[in-house]
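Note sheet for the following structure.
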Protein chains: 4
Amino acid sequence: MGKINVGIVGISGYTGIELLRLLCTHPFFELKQATSRKLRGKKIKEVFPFADKFSELIITDIEKDGLDADIELYFLAVPHGTAMKLAQKIIQAGKKVVDLSADFRLKNKQVYEEWYKVKHVAWDLMSEAVYGLPEIYASKIKNSRLVANPGCYPTSAILALYPALKSGLIDSNEIIIDSKSGTTGAGRSPKENILFCEVYDNFFAYNIGKHRHSPEIEQECSLAAGRNIKILFSTHLLPINRGILTTVYVKTKELKIDKIRDCYLEFYGHKKWVKVLEDGVLPQVRWVRGTISCALGLVIDQKTEQLIIVSAIDNLCRGASGQALLNANLMVGFEEDTGFSVSAPLIP
Amino acid sequence: MGKINVGIVGISGYTGIELLRLLCTHPFFELKQATSRKLRGKKIKEVFPFADKFSELIITDIEKDGLDADIELYFLAVPHGTAMKLAQKIIQAGKKVVDLSADFRLKNKQVYEEWYKVKHVAWDLMSEAVYGLPEIYASKIKNSRLVANPGCYPTSAILALYPALKSGLIDSNEIIIDSKSGTTGAGRSPKENILFCEVYDNFFAYNIGKHRHSPEIEQECSLAAGRNIKILFSTHLLPINRGILTTVYVKTKELKIDKIRDCYLEFYGHKKWVKVLEDGVLPQVRWVRGTISCALGLVIDQKTEQLIIVSAIDNLCRGASGQALLNANLMVGFEEDTGFSVSAPLIP
Amino acid sequence: MGKINVGIVGISGYTGIELLRLLCTHPFFELKQATSRKLRGKKIKEVFPFADKFSELIITDIEKDGLDADIELYFLAVPHGTAMKLAQKIIQAGKKVVDLSADFRLKNKQVYEEWYKVKHVAWDLMSEAVYGLPEIYASKIKNSRLVANPGCYPTSAILALYPALKSGLIDSNEIIIDSKSGTTGAGRSPKENILFCEVYDNFFAYNIGKHRHSPEIEQECSLAAGRNIKILFSTHLLPINRGILTTVYVKTKELKIDKIRDCYLEFYGHKKWVKVLEDGVLPQVRWVRGTISCALGLVIDQKTEQLIIVSAIDNLCRGASGQALLNANLMVGFEEDTGFSVSAPLIP
Amino acid sequence: MGKINVGIVGISGYTGIELLRLLCTHPFFELKQATSRKLRGKKIKEVFPFADKFSELIITDIEKDGLDADIELYFLAVPHGTAMKLAQKIIQAGKKVVDLSADFRLKNKQVYEEWYKVKHVAWDLMSEAVYGLPEIYASKIKNSRLVANPGCYPTSAILALYPALKSGLIDSNEIIIDSKSGTTGAGRSPKENILFCEVYDNFFAYNIGKHRHSPEIEQECSLAAGRNIKILFSTHLLPINRGILTTVYVKTKELKIDKIRDCYLEFYGHKKWVKVLEDGVLPQVRWVRGTISCALGLVIDQKTEQLIIVSAIDNLCRGASGQALLNANLMVGFEEDTGFSVSAPLIP
């Protein structure tokens, strides 16, 4: 296969750096442009001395230096609000876009604008934007030129709930999603609350019932269930770098764990990056670190008639840049997991 | 007030060390005996070079060296099963006991024996054992010679739920308790799964629906509600030393947060070590580190009609040794919080 | 003893918060003013919900709201450059100052201005400023109204080297100081390089041979040795909150460890907060966490004729705010360690 | 190229797990046998659910189940003392061995037996054992059937010092090596001192002047310098999983940093896994995490005429299993770095 040139807009944040890491070992994507307003003019090796493959590439500024004509696909690793304007420009230039921001995830304009407190100025693109969860939308992604890469929490929650909702095995009125995320999820812009000394040796809940990822989870769960679903979503900050563990609690009438597992295996069995763990095994975030895998543990609590689903992903890889690369692979006609070798995370 | 001699059986574990720390600054309790089979014969300063006050005390073995006639109260910081036998011996010798193990917490012998896989050989003592949660049982504790110090998770969960259950504000059929604990909760006996390199930079759930602290929480919640309560209890291991954060989800018909807060303030308002945080504030485990405080945050999710209660304690201090000292204070006639100064935790 | 009112200028940083913690349990100092430009108007409890004693105090701005007439002593927990101007103002108002910045530590104006890249505009005060290391300068501190609180690294290095230099036991031409500090030493102003995700699970050296604390260490070591001393000082960032471990390497002709230990015991034996550990014991930073203790381990390497001195302090307590409180105690005529109980650090 | 079958003796420790991880992505080595006394009979996926490629392999016991006739090369990831006996057996069976223990590193039998407190019962093999540092001994390794894989600390120290010693640029009488290692270096056998709660939020020095890796460093440094060298070697335990940072202090007469750098570039310039960083850049352990890279920073301190060399490696990968794989590649005739893609570590 020939090389395809790609660009990263926003190389200075954690999702940009993770894309850089993953592109270093991708056999066909060639990083031709990497942009950052504040790093413009520097070589990759000056700011990321560990990224050998693209060490001599000079960082540009997308506003000042413009798009590169030879690039076929851009990854947008910039904040919401900014992303929609860039997407418009890039699509108009005839190129493809994987947008890692929230700008094209929500299909309801009013819901987007309420939660994200910004006017959506590229709504015309929404009709062609595809929600980039490959296990569900692979065929649409293949034919798309604009993919909205899912949020990290939504990826962990939707992969946990989808088969059960789709099959009607659970009571979709009672869904509690208790998520815990590593701190890379909070980004790389300096703020007091994510300083080392604020997060280390600490743990707390935040944004209970108010997290911006709620409507995204509800949208996809509702599509799975075929009815309007409301969830209770709470989030906690883990004093680790990478990893989301989501513990989902749902009422169920199906109290045989084998039936539940069969439902999940049927749905995910042929999708190699979602692993349904054996009975009694619960996932650890380190088992998926640096990978695009999602590990799922299933437990039935007979006493309270609850199904507990525990999902683990790497928020930065599967929850952002790794998934973006899966989407990009599909969009240009590659095998979905080109560039990802067998899952072999750093342990420990 | 005169000095009172106390002893610690089991000085080598984390609850023993924490008792040592707290006794260093207690004005009236004098540590006269500290025991450990494996450390017998060593001076405190040889194994704990940081504990200045009792540095010259020589560690004994309770089996070989026996009880000290001058000691009025013993703290049992030994595993369940062992504790019940020692308690019997110490009570028979006319002394008082605060037992940090689970041996005298559960009022139903069968439940104890099923969950703890051991025969209870001192059941006659149960009639006088008091569950040592001072906010609820202070007056009974004062008149007791055997106090069963609550488990760490139960302390965090019961303090979170008690006022709401007592007042009938919540639906007691639907209680989900999602707890996350620091690793000191797993003890100090060397085991592969609590090695630094297994826990660091990792996070996972364990014992979902099967944790031994479940019956203890159900027992006290049932007493609060005046009816038999079943909970769904799940636990997670945090890569930090100290701290439990418990997130409780309960259905409620009372959707005004002020009504909920008033109920909690009425119950805890005069008890200075439980702090009901202001609206919108959620507790962090560092706010209670090294203290006997419990911090409670309250949130209503209108959409799903759920009350979320978040409680933070230090599992080693409030969840074990600090609470043991509160109980000991009450048992010998001191003010409950003798030896605890105003709460001023290490931040950071 | 009567209460004495004190003020903290700069309550929002880590040294300010640590002063707040320590003042919560001080029997005679009453915090009457706490200032911060950005927190002006807020109550202590709104920003520090864990500091019970002074929870209702309203934060002011020293520039806008001025000094409090009833305050006898101010702690300056502000950056160098700013501190000197405030010190001048406060001294002129007839009050005492403990300055936690570097502004009054260096006795050579040119050296100060070269290393700190700022003009010293209060040099007239230098004649009365005392270097606030109580083990060495207690009598001068008692009679001073302006104390320059030592830097954190210098505290750990000078306490490690002083007795050996003073007694001439070591070769003062060959001193290598390899320090490792917790991240609170880098302050609380948001910067990319101290974000959680930059520091966690990482370790590196920085500022080798160029750290601003070098001249301060050289100044005091030279005074100890009675000759001009040059050191090689290197610093590393530890992924922990608190604690400095300094490993000092010096050539020595005295190869009997007992002789070395005797020299240290003679110097520190009656000073209870510096602990010379027994032979074969090396200090751990957790042994001094949250305390004003300094723990010293001594090793002779016969093969290379080197003395290795390992010192551990808590950079935030002994290395900053705790030492400031020792100094303040001395300056107002209290016992040096008023407000500090026996050392009983959190373990773990 | 055809597949070559390899075996790992001792799969349960961290070096065994790391070999498993690396073999998952090696194109030609096929893991045919993995042994562990305590895990015998289990499938890889039961104990290491994250290692997809070899998930169905059943773990054997080398003593009970014997060697596999189809295996060409064995990695010994077992303790010293045990390794020498196994090596003998495997070599006699006509196979190759990479021994990750210390058994064949020291060329002086007496030195080995003194430091490791065990009799060497396979000394006849020493004549053919090659010290497996590929940058220095690649050609010998290629022709060897028994390679002694270097220790982790020695790898970091020798790579730091070799060019300077070889070229005579430094004073080899005065070498101080101050190393700090992540906790995987201490192994996976449960011991109190490596429990999470003992290591987390802590830091300390250990084994100063007495570490078993001292003679190994001295042996190789002496060979480089062509004279007998004594070093002062001190070690510290970092509260992280992976990574060694070694700070070396040596006297030098060459005070031009460019001359020093040229010497290192000349030596390492064509060896792609040792990176000499640009002037002013110091390595971070995260830059080499999970890789076989060694990053070197060079600083001259004019004032004290010292050269400071800072080296960073991943103790588990470059310092153990990754280096073992480099050696294995050479021993079977592959390119040295077969199976290692371009260096792209997890950041963060």
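If only one of B:168, B:182, B:132 is among the small types (Gly, Ala, Ser), touching a helix residue (DSSP H, G or I) at 6+ places or on another chain (Cβ under 8 Å) and closer than 30 Å to residue C:201 by Cα, which one is it? The conditions single out B:182. Restricted to the stretch C:155-207, and to residues that are in contact with a His (Cβ under 9 Å, 6 or more places away or on another chain) and hydrophobic (A, V, I, L, M, F, W, C), which residue is nearest to residue C:324 (Cα to Cα)? Ranking the qualifying residues of the stretch C:155-207, first place goes to C:157.
Out of everything in the stretch C:43-77 that is in a loop (DSSP other than H, G, I, E, B) and among the aromatic types (Phe, Trp, Tyr), what residue ends up being nearest to the other protein chains (Cβ to nearest Cβ)? The residue in question is C:50.
The helices (runs of 4 or more DSSP H) falling completely within the stretch C:78-171 that include 1 or more residues that are crowded, with 24+ Cβ neighbours inside 10 Å map to C:82-92, C:109-116, C:152-167.
Do we find that residue D:73 is buried (at least 23 other Cβ atoms within 10 Å of the Cβ) and not hydroxyl-bearing (Ser, Thr, Tyr) in this structure? When the stated conditions are applied, residue D:73 does not pass them. Consider residue C:242 carefully, then state whether it is under 26 Å from residue B:55 (Cβ atoms), at pLDDT 95 or above, open to solvent by less than 40 Å² (accessible area, probe 1.4 Å) and within 14 Å of chain B (Cβ to nearest Cβ). Yes: the conditions hold for residue C:242.
In the stretch A:218-236, the condition of being more than 18 Å from residue A:161 (Cβ to Cβ) and either assigned to a loop (DSSP other than H, G, I, E, B) or facing chain C (nearest Cβ under 9 Å) (or both) is met by no residue. Is it the case, given these coordinates, that residue C:31 is open to solvent by less than 20 Å² (accessible area, probe 1.4 Å), closer than 25 Å to residue B:273 by Cβ, in contact with a Phe, Trp or Tyr (Cβ under 7 Å, 6 or more places away or on another chain) and part of a helix (DSSP H, G or I)? Against the criterion (open to solvent by less than 20 Å² (accessible area, probe 1.4 Å), closer than 25 Å to residue B:273 by Cβ, in contact with a Phe, Trp or Tyr (Cβ under 7 Å, 6 or more places away or on another chain) and part of a helix (DSSP H, G or I)), residue C:31 does not qualify. Among the criteria (1) among the β-branched types (Val, Ile, Thr); (2) closer than 19 Å to residue C:151 by Cα; (3) not assigned by TED's automatic domain parsing to the domain that holds residue C:255, the one residue C:342 does not fulfil is (2).
Within the stretch D:1-11, the set of residues being surrounded by 22 or more Cβ atoms within 10 Å (Cβ to Cβ) and not hydrophobic (A, V, I, L, M, F, W, C) comprises D:7, D:10. The residues in the stretch A:324-347 that are open to solvent by less than 20 Å² (accessible area, probe 1.4 Å), in contact (Cβ under 8 Å) with a residue 40 or more places away in the chain and assigned to a helix (DSSP H, G or I) can be counted, and the count is 7. Scanning the stretch C:12-28 for residues that are open to solvent by less than 10 Å² (accessible area, probe 1.4 Å) and part of a loop (DSSP other than H, G, I, E, B) returns a single hit, C:26.
Table: residues versus (1) free of Cβ contacts under 8 Å to residues at least 60 places away in the same chain; (2) over 19 Å from the mean Cα position of the chain (by Cα).
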| site | (1), (2) |
| --- | --- |
| A:195 | yes, yes |
| A:201 | yes, yes |
| A:209 | yes, yes |
| A:220 | no, no |
| A:223 | yes, no |
| A:236 | yes, no |
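Pairs are defined by a Cβ separation below 6 Å, a sequence spacing of at least 6 or placement on different chains, a first member in the stretch B:167-187 that is within 9 Å of another protein chain (Cβ to nearest Cβ), and a second member that is open to solvent by 40 Å² or more (accessible area, probe 1.4 Å); the pairs so defined are B:174/B:251.
The condition of being more than 16 Å from residue D:308 (Cα to Cα) and not assigned by TED's automatic domain parsing to the domain that holds residue D:106 holds for only one of D:212, D:145, that being D:212. Please work out if residue C:301 is open to solvent by less than 20 Å² (accessible area, probe 1.4 Å), outside the structural domain of residue C:134 (by TED's automatic domain parsing) and without any contact (Cβ under 8 Å) to a residue 12 or more places away in the chain. In short, yes. For residues that are open to solvent by 10 Å² or more (accessible area, probe 1.4 Å) and of a type in the set (S, T, N, Q), tally how many sit in the stretch B:175-222. Final tally of qualifying residues: 5.
Okay, residues lined up against (1) under 20 Å from residue B:137 (Cβ atoms); (2) open to solvent by less than 20 Å² (accessible area, probe 1.4 Å); (3) outside the structural domain of residue B:194 (by TED's automatic domain parsing):
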position	(1), (2), (3)
B:229	yes, yes, no
B:235	no, yes, no
B:248	no, yes, no
B:254	no, no, no
B:266	yes, no, no
B:269	yes, no, no
B:288	no, yes, no
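Checked against the criteria, residue B:310 does not count as within 14 Å of chain C (Cβ to nearest Cβ) and without any contact (Cβ under 8 Å) to a residue 12 or more places away in the chain.
Checked against (1) open to solvent by 30 Å² or more (accessible area, probe 1.4 Å); (2) under 15 Å from residue C:157 (Cβ atoms), residue C:311 passes all but condition (1). Out of everything in the stretch D:274-296 that is of a type in the set (Gly, Ala, Ser) and in contact with an Asp or Glu (Cβ under 9 Å, 6 or more places away or on another chain), what residue ends up being nearest to the other protein chains (Cβ to nearest Cβ)? Taking the candidates together, the pick is D:290. As a summary of the residue check, residue C:190 satisfies the conditions (1) away from chain A (no Cβ under 12 Å); (2) more than 23 Å from residue D:235 (Cβ to Cβ); (3) free of Cβ contacts under 8 Å to residues at least 60 places away in the same chain; (4) not in a helix (DSSP H, G or I) except for the one numbered (1).
Just so you know, in the stretch A:6-20 the residues that are within 17 Å of residue A:327 (Cβ to Cβ) and not aliphatic (A, V, I, L, M) include one that is farthest from the other protein chains (Cβ to nearest Cβ), and it is A:7.
The values are calculated or read from the model by the stated rules, or taken from the named source; none is laboratory data. Keep in mind it's a predicted model, so treat the numbers as computed, not measured. Backbone-built Cβ (ideal geometry, glycine too); neighbour counts: all protein chains shown. Surface areas here come from the heavy atoms of the whole protein model, side chains and all, with no ligands, DNA or RNA. Shrake-Rupley method; radii C 1.70, N 1.55, O 1.52, S 1.80 Å.
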